[in-house]
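Below is one structure, written out as structure tokens; the observations come after it.
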Amino acid sequence: MNVFATDLPDVLLIEPKVFGDARGFFYESWNERDFVAATGVELRFVQDNHSRSRKGVLRGLHYQLRQPQGKLIRVVRGSIFDVAVDLRRSSATFGCWMGVELTEETHRQLWVPPGFAHGFLVLSEVADVLYKATDYYAPEDERTLLWNDPRLGVRWPLRGLEPVLSGKDAAGRPLESCEVFK
């Protein structure tokens, strides 16, 4: 596997070694030993999630405050623009974001550690997104950072589309009034 740094410390782009031929392809989507050796990050996943969304759906920006989740995200169908926002007040990159396109063709994954908000915009007609989480989903602990907060300035590639949002995501809070990490 190859590991690439991003604009945010601790958020990593993972490129697995893919073996392909006329029959198709094979790759290990998760190997704890190789991940630790390549990243130095030791973790334990407790939950796998799978979401399917149509073009223009924007999910996020989500985080859990008291039960923060690290997430290893990959796309197995379609493509998304995946975003992480640093919500660690003590970090030099507090309030900064990074975004990357993840697709079924590249097999790349994004490691978003605890302390970050996460969200994505579906670019293809349909996208299936799978992600591993380091803590359990706790709805009472979930927070939503406003996806279009001008202070963040996330450059979502909407290409003239109006994003499709859940009520929870449309009612997200701007960074200045969000609860954040120390």
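Values in this text are rule-based calculations from the coordinates and carry no lab data. These numbers were taken from a predicted model, which means no experiment stands behind them. A quick note on method: Cβ atoms are made from the backbone with ideal geometry, for glycine too, and the neighbour counts reach across all protein chains shown.
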How high is the relative contact order of the chain? Use alpha-carbon pairs under 8 Å, at least six apart in sequence, and give a whole percent. 29 percent
For region 127-132, in residue order, the Karplus 3J(HN,Hα) values (coefficients 6.51, -1.76, 1.60; θ = phi - 60°; whole Hz; Gly and Pro = x) are 9, 9, 10, 10, 8, 8
Considering only C-alpha atoms, what is the centroid distance from region 11-80 to region 127-149, in Å? 14 Å
For Cα extents along the principal axes in Å, the choices are (i) 47, 33, 30; (ii) 84, 36, 28; (iii) 51, 37, 28; which was calculated from the structure? (iii)
Can you tell me the length gained on complete extension of the stretch ARG66 to ASN31, counting 0.36 nm per residue apart and subtracting the Cα distance? 9.9 nm
So how many Lys-Lys pairs in the chain land under 26 Å Cα to Cα, not counting same-chain pairs under 8 apart? 11
Kindly state, to the nearest 0.05, the FRET efficiency for VAL3 paired with TRP156, given R0 = 25 Å and r defined as their beta-carbon distance. 0.45
